[in-house]
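Structure first, then comments.
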Amino acid sequence: MKLDSLVTSDIISQHPCFSDQAHDRVGRIHLPVAPKCNIQCNYCSREYDCVNESRPGVTSKVISSQEAVGRVREVIEKFPNIRIVGIAGPGDPLFNEETFETFRLVKDRFPYLHKCMSTNGLLLPEKVESAKQLGLATMTVTLNTVDPSIGAKIHSVVYYQGKKLEGVEAAEVLLNNQLAGIKMAVKEGIVVKVNTVMIPTINDNHIIEVATKIKELGVYMQNIMPLIPLFKFTHLSPPSPTERKRLQDECAKVIKQMTHCRQCRADAVGLLHKDMSTQLFG
Ligand code: CLF
Ligand code: SF4
């Protein structure tokens, strides 16, 4: 086995989200340092954390990069099984300079911890290199569709390079950057997971095409999350567990599926099934 593949398999085996075996023994800490978002998803109310990677309806208190480092120190003293430091909001990590500052500090003070991030992918092509230089080992990109006409129904606004884009034009820019960014991240050796929100009547019959495309791009696994109907999608029903399972089984023929996601908070701490954030930080 090549050295690169050994390093990659080591990262995966130590990561509670990427490994079925690690999730009940290895913990993660999320640092809620990234409040701003550069897109508007129709299932997201920005009073709360980014629902592309978080439990809907939860609001995390945003902290500074310095506070984040103090929090890591405090938490790893209490929970030595924490190996992953993730930034997953409350907004889009790549759209907040605090994400990079925090990872710089974490790399400096705790070089043995793996760094992880969840993003909508809009800024991935321009930021992936900086993320890699800061030692980012794993990344999640939310990709709900590979068809801009479907994307226009899911994301109503995209703010990009000083412009406010809407409709299919916005969806095209987002999709092109997501696909280019994922390709670049994989090339940089980052292990990529794609989160796909299953939205009945909007993208549920199309997710197999997302699975096929991401497999082609070298993505490691897919996490199909159920829609929680909020904001502009309150009229839609979430998929039933049986419907989601059927889709996961179908997509599993194409790409490995994550089935143990807990839809964490942006300030989650500990094992996936045992979040300690409220006990520790209120
Ligand atoms: Fe956090 Fe996400 Fe990294 Fe995991 S969570 S940034 S990949 S360290 Fe994990 Fe939580 Fe599911 Fe995310 S269970 S919501 S998949
Ligand atoms: Fe909300 Fe996340 Fe979408 Fe931004 S990317 S609008 S925070 S769900």
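What follows draws every value from the coordinates through simple rules; no lab data is involved. Treat the numbers as computed from the prediction; the structure is a model and nothing was measured. Reconstructed Cβ throughout: ideal geometry from the backbone, glycine too, with neighbour counts over all protein chains shown.
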Q | FRET efficiency for residue 9 and residue 67, using Cβ-Cβ distance with R0 set to 41 Å, rounded to 0.05 | A | 0.75
(Q) Just to confirm the filter: which GluC sites (Glu not before Pro) across segment 156-197 are DSSP coil and have at most 16 other Cβ within 10 angstrom of their Cβ? (A) 188
Q) Given the pairs 78/253; 36/115; 107/164; 78/187, which span a C-alpha to C-alpha distance of over 30 angstrom in this model? A) 78/253; 107/164; 78/187
Q. Using r as the Cβ-Cβ distance of residue 78 and residue 253, and R0 as 45 Å, what FRET efficiency do you calculate, to the nearest 0.05?
A. 0.60
(Q) Between segment 36-52 and segment 55-78, what is the separation of their alpha carbon centroids in Å? (A) 20 Å
Q: Quick one: among 162, 70, 270, which has the greatest mean-square fluctuation in a GNM of the chain with alpha-carbon springs under 10 angstrom?
A: 162
**Q.** Distance in nm between pseudo-label sites at residue 21 and residue 243 (7 Å out along the Cβ direction from Cα)
**A.** 3.6 nm
Q.
As an exercise, identify the trypsin sites (Lys or Arg not before Pro) in segment 176-282 lying in DSSP coil whose Cβ has no more than 12 other Cβ atoms within 10 Å.
A. 253
Q) With r defined as the distance between the Cβ atoms of residue 45 and residue 126 and R0 fixed at 25 Å, what FRET efficiency is calculated, to the nearest 0.05? A) 0.35
Q | Estimated [θ] at 222 nm from DSSP helical runs (n ≥ 4, -39500 (n - 2.57)) normalised by residues in the chain, nearest 500 | A | -11500 deg cm²/dmol
Q.
Just to be sure I understand the rule: take each whole DSSP H helix in the chain, project its Cα atoms onto its long axis, keep it if the span is 27 Å or more and its mean Kyte-Doolittle hydropathy is at least -1.0. Which ones pass?
A. 167-187
Q: Just name one of 29, 141, 116: the one whose Cα is farthest towards the positive end of the charge dipole of the chain (beta-carbon charges, Lys/Arg +1, Asp/Glu -1).
A: 29
Q | Unit charges on C-beta of K, R, D, E only; dipole of segment 77-194, Debye | A | 400 debye
Q) In whole Å, how far is the Cα centre of segment 128-150 from that of segment 202-244? A) 16 Å
Q) Which listed residue (9, 214, 201) has the Cα farthest towards the positive end of the charge dipole for the chain, taking +1 on Lys and Arg C-beta and -1 on Asp and Glu C-beta about the Cα centre? A) 9
**Q.** Simple Cβ-charge dipole of the chain, Lys/Arg +1 and Asp/Glu -1, about Cα centre, in debye nearest 20
**A.** 420 debye
